[in-house]
Amino acid sequence: MTSELDRNVPPYNHNPSAWSQRIPICVLAFVAAAISAHLSLFQWGFIESAWDPVFGDGSNRVLKSSTAERMFGIIGIHDAALGVLAYLGDAILGFAGSTRRWQYRPWLVILFGIDVIPLGIVSVVLVFCQAVVVGEWCFLCLVSAMISLILVYWAWDEVRASLSYLRLVWKQNSSVGLLWRAFWGYRSEAMERAAETLLSREVR
Amino acid sequence: MWGRVIEIMTAVWLAASPFIFRASDNSTFVWADSLIALLVCVLAGLSYWQPTRHAHLLILVVGTGLALWGRFAISPPPPIHQNHIVVGLFLLMIALIPNHASLPPQTWQDDVA
C-alpha cells in the first residue's frame, strides 16, 4: 500500500504529494499566518505598535496608510486579517489529502495551487505598494511576502504533477467528461492508464 | 474527520463572539450567532453518519451567507461583523475538506489495499 501511494512522479525523483514535501509548506504557512495575525492585532488596535527591528515606525505607517484603509473599505476586513485567512488556507489545503492526491484528488491540489500562487502575486503587489505608493517599508510584510514566494516555489511541483496527469487523461482520451471525472478524483481504467504513463516517464 | 472537528470548534467561537466583541446587549447578534453556530455543528455532526456524509458541503452556503451578512449589514463593518466575514471565509475553506482527508477516496482504496 505504502509503495503505491509513495511512488515518485517523473520528471521529479520524489513524490510531490509526500508528507515530507507538504509538511514544511504547512509549517511555513502557519508561521506566515502568525506573522499576519501580529500585524492584524496592530491594525485592529489591540497592540500599540507592530514589531519592526529594521524600519522602526515604518511598519506602523504602512499598516495605517491610506492604501491600507482603502483596502479595508473595499474588503471590510484589514488586509493583514485577509493574509491570516489566506495562509491558513494554504496550511489546511496543504494538509488535506493522501500521499497520492496529485492523482486521487486533483481538485484539491489545483485549489491549493490557486490559493498559493495568487497569494505570492498579491504579496509582490503589496511590497510594490509599500515602495511606490506609501513610500515606507514594513519588515514583517516583507518577511511574509518572501514566505509567499517560497511557498509558490515549493507548491509548484505538486500542481504540475496534477496538471500533467489531467493533460495525459485528455491527450489519451479527448473526452471532456472523462477529464471532468478525473479532476474530481473518480476512477476508471483510462485514468489508471494515464497515471501509469506519467509514472513510467524517465526521470531527468 | 479533522475538518469536521475544526468546523465545530469554529462554531463554538462564533457562538461566543457576541460576548468577546462586547455585542451581547444586542439580542440579534446573540441569537443569530448562536443559531448559525448550531447549524454548523449539526451539519458537521451529520457528516459523521454515512447516509448524510456530504452534509458538511452545506456549510459552504452558511459560510457564504455569514461573510455577506458581515460585509454588507453595516458599512464599514464593526468588529462583530468583521468577525462574521473572517469566520464565513474560514468556513468556506474548511467545509471543502473531505471527511477522511488523509486517506485516498473510497474508489481508489481497493487499489492500494
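Select, from B:THR28, B:THR107, B:THR64, B:THR52, the only residue that is within 8 Å of chain A (Cβ to nearest Cβ), surrounded by fewer than 16 Cβ atoms within 10 Å (Cβ to Cβ) and among the β-branched types (Val, Ile, Thr).
The match here is B:THR107.
Scan the stretch B:79-99 and give yes if some residue there is surrounded by fewer than 21 Cβ atoms within 10 Å (Cβ to Cβ), more than 10 Å from chain A (Cβ to nearest Cβ) and within 24 Å of A:HIS78 (Cβ to Cβ), otherwise no.
yes
Filter the stretch A:31-49 for residues that are among the aromatic types (Phe, Trp, Tyr) and within 14 Å of chain B (Cβ to nearest Cβ); which is farthest from the chain's Cα centre (by Cα)?
So, considering only residues that are among the aromatic types (Phe, Trp, Tyr) and within 14 Å of chain B (Cβ to nearest Cβ), the one farthest from the chain's Cα centre (by Cα) is A:PHE46.
Report whether or not B:SER34 is without any contact (Cβ under 8 Å) to a residue 12 or more places away in the chain and small (Gly, Ala, Ser).
For B:SER34, the condition - without any contact (Cβ under 8 Å) to a residue 12 or more places away in the chain and small (Gly, Ala, Ser) - is not met.
Of all residues in the stretch A:98-136, how many are within 28 Å of A:GLY185 (Cα to Cα) and in contact (Cβ under 8 Å) with a residue 12 or more places away in the chain?
21
Just to be sure I understand the filter: pairs with C-beta atoms under 7 Å, separated by 6 or more residues or on different chains, first member in the stretch A:36-55 and surrounded by fewer than 13 Cβ atoms within 10 Å (Cβ to Cβ), second member in a helix (DSSP H, G or I). Which pairs pass?
The qualifying pairs are A:SER49/A:PHE42; A:SER49/A:ASN60; A:TRP51/A:HIS38; A:TRP51/A:LEU140; A:PRO53/A:PHE139; A:VAL54/A:PHE139.
Look through the stretch A:1-29, keep the residues that are within 14 Å of the chain's Cα centre (by Cα) and loosely packed, with under 14 Cβ neighbours inside 10 Å, and return whichever of them is nearest to A:VAL109 (Cα to Cα).
Within the stretch A:1-29, the match that is nearest to A:VAL109 (Cα to Cα) is A:ILE23.
For the stretch A:73-87, how many residues are facing chain B (nearest Cβ under 7 Å), part of a helix (DSSP H, G or I) and farther than 11 Å from A:LEU119 by Cβ?
Total satisfying the criteria: 2.
On the given criteria, is A:LEU108 under 16 Å from A:ALA145 (Cβ atoms) and either surrounded by 18 or more Cβ atoms within 10 Å (Cβ to Cβ) or acidic (Asp, Glu) (or both)?
no
Taking the options A:VAL133, A:VAL116, A:VAL122, name whichever one is under 22 Å from the mean Cα position of the chain (by Cα), more than 25 Å from A:PRO11 (Cβ to Cβ) and among the aliphatic types (A, V, I, L, M).
Selected residue: A:VAL122, the only one of A:VAL133, A:VAL116, A:VAL122 that is under 22 Å from the mean Cα position of the chain (by Cα), more than 25 Å from A:PRO11 (Cβ to Cβ) and among the aliphatic types (A, V, I, L, M).
Given B:ALA67, B:ALA15, B:ALA11, which one is touching a Cys at 6+ places or on another chain (Cβ under 8 Å) and either touching a residue at least 12 places away in the same chain (Cβ under 8 Å) or not in a helix (DSSP H, G or I) (or both)?
Going through B:ALA67, B:ALA15, B:ALA11 in turn, the sole match is B:ALA11.
Any residue in the stretch A:6-31 that's in a loop (DSSP other than H, G, I, E, B): show its pairings with residues that are among the aromatic types (Phe, Trp, Tyr) and surrounded by 15 or more Cβ atoms within 10 Å (Cβ to Cβ) at Cβ separation under 6 Å, as long as the two are six or more apart or on different chains.
A:SER17/A:TRP102
Consider B:LEU38 carefully, then state whether it is of a type outside the set (Val, Ile, Thr), under 14 Å from the mean Cα position of the chain (by Cα) and closer than 26 Å to A:HIS78 by Cα.
The answer is no for B:LEU38.
Within the stretch A:153-204, can you find the residues that are within 14 Å of chain B (Cβ to nearest Cβ), surrounded by 14 or more Cβ atoms within 10 Å (Cβ to Cβ) and without any contact (Cβ under 8 Å) to a residue 12 or more places away in the chain?
Scanning the stretch A:153-204 gives A:ARG181, A:TYR186, A:ARG187, A:SER188.
Name the residues in the stretch B:5-24 that are within 12 Å of chain A (Cβ to nearest Cβ) and within 9 Å of the chain's Cα centre (by Cα), would you?
Scanning the stretch B:5-24 gives B:ILE6, B:GLU7, B:THR10.
Coordinate-derived values only; no laboratory data. These numbers come from a predicted model, not from an experiment. Cβ atoms come from the backbone with ideal geometry, glycine included; neighbour counts cover every protein chain shown.
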